[in-house]
Every structure is written in C-alpha cells, then in structure tokens.
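Colleague: Next up is a structure, given as structure tokens.
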Amino acid sequence: MIGLVRLAVFASMLMLGRPIFAEDSNSITLAEAKVIAEGAQSAALTKDAQVSIVIVNREGRVVLAQRMDETSFTSLDVAEGKAVAAATLGMPSAAIQNAIDGGMLSLLTVKGLVAIAGGLPILRDERVVGGIGVSGSSPTNDESFARAGLEAGTSLAE
C-alpha cells in the first residue's frame, strides 16, 4: 500500500512537469497564488463552470480563496480541503481518494482532508510549496481547472 502512495506522489510530480516558480522559497506568495487562481478561473469560464478556488501554503493555511458568482457556498470548504490534502500530503487529492479506495482507511482520520479530485500540490524545485483546490464542477473538471492554474503559474518561472 505504501508503494501505491509513493507511486502516486511520483506520478503527480511527473504530471506537473517542471517546478512552477524559479525563486528559491519554501512557500507560495500571494502574487503567485493570484496568477494560479486566475488561470484556474479562466479554464472554468471556458466551460461555463462556476467554481471556488483555494490556494494554500505548504502547511495548508489559506493564502487565497475565491468563490465565483452563483457557486455553492459549500464548494469553498471543499476546495480548501482539496488544497490542504494536496499540500500537506504532497499528492493530488485524486491519488488520496485512490489510496483510500485501495484500503488506506487511516487517511480518513486526517482532519480537513478532502479526498476528491480537484486538488493538486504546487511544486518549486521539486518541493511542495502549497496546494490548489477547485470545487464546484465535476471532480474531473475541477482537477483540469486546477491543472490549468498550475500551467498559468509556470510562466512565473521563465
């Protein structure tokens, strides 16, 4: 089971590609979070989706939270839980869901963790500096919007 979790962490790092930000820091800045959130929001708008987007630092503390118009108020809490899961465990929230489905039920005891697709770790120099969580659409769409946010953040490294 531990092998499955390690594989999920490795796969998530490969999927995210190169580090998102060039500067050497252990946490995400508000300016960086704004760029990532804007990328995620733009992707959501292309599918006429209304979502909540939360960016947290590596400790799982909120750096930025936003809820688009007409989005359920509960989606903000879910987006935060996805971001916290991704940042604190260093893997996509979907991988955590898969680990739980595979029998790692102890993950259910982690306070605030939401194990539904839509949360991704934010990496810098292959180290987790934060997480993004998106909620309000389907889990698949939420994750694609989060990924679009991370892709928007890659321009900060150039």
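The values are calculated or read from the model by the stated rules, or taken from the named source; none is laboratory data. As the structure is a computational prediction, the values presented were derived from the model and not from experiment. Note that we place each Cβ from the backbone using ideal geometry, even for glycine, and neighbour counts take in every protein chain shown.
Colleague: Can you tell me which residue within the range 32-48, out of those that are touching a residue at least 12 places away in the same chain (Cβ under 8 Å) and acidic (D, E), is farthest from A152 (Cα to Cα)?
Modeller: It comes out as E32.
Colleague: Given the options S93, S75, name the one that is in contact with a helix residue (DSSP H, G or I) (Cβ under 6 Å, 6 or more places away or on another chain) and closer than 18 Å to A40 by Cα.
Modeller: S93
Colleague: Among the residues of the range 77-99, is there at least one that is out of contact with any Pro (no Cβ under 8 Å at 6 or more places or on another chain), not in a helix (DSSP H, G or I) and not acidic (D, E)?
Modeller: No, that holds for no residue.
Colleague: While we're looking at this one, here's another question. Report, by residue number, each residue of the range 117-137 that is modelled with pLDDT of 95 or more and part of a loop (DSSP other than H, G, I, E, B).
Modeller: Once the filter is applied, which keeps residues that are modelled with pLDDT of 95 or more and part of a loop (DSSP other than H, G, I, E, B), the range 117-137 yields A117, G118, G136, S137.
Colleague: I'm trying to understand the selection: among the residues of the range 92-114, which are surrounded by 15 or more Cβ atoms within 10 Å (Cβ to Cβ) and of a type in the set (S, T, Y)?
Modeller: Correct list: S93 only.
Colleague: Out of the residues in the range 15-36 meeting the condition of being closer than 20 Å to A94 by Cβ and buried (at least 19 other Cβ atoms within 10 Å of the Cβ), tell me which one is modelled with the lowest pLDDT.
Modeller: I20
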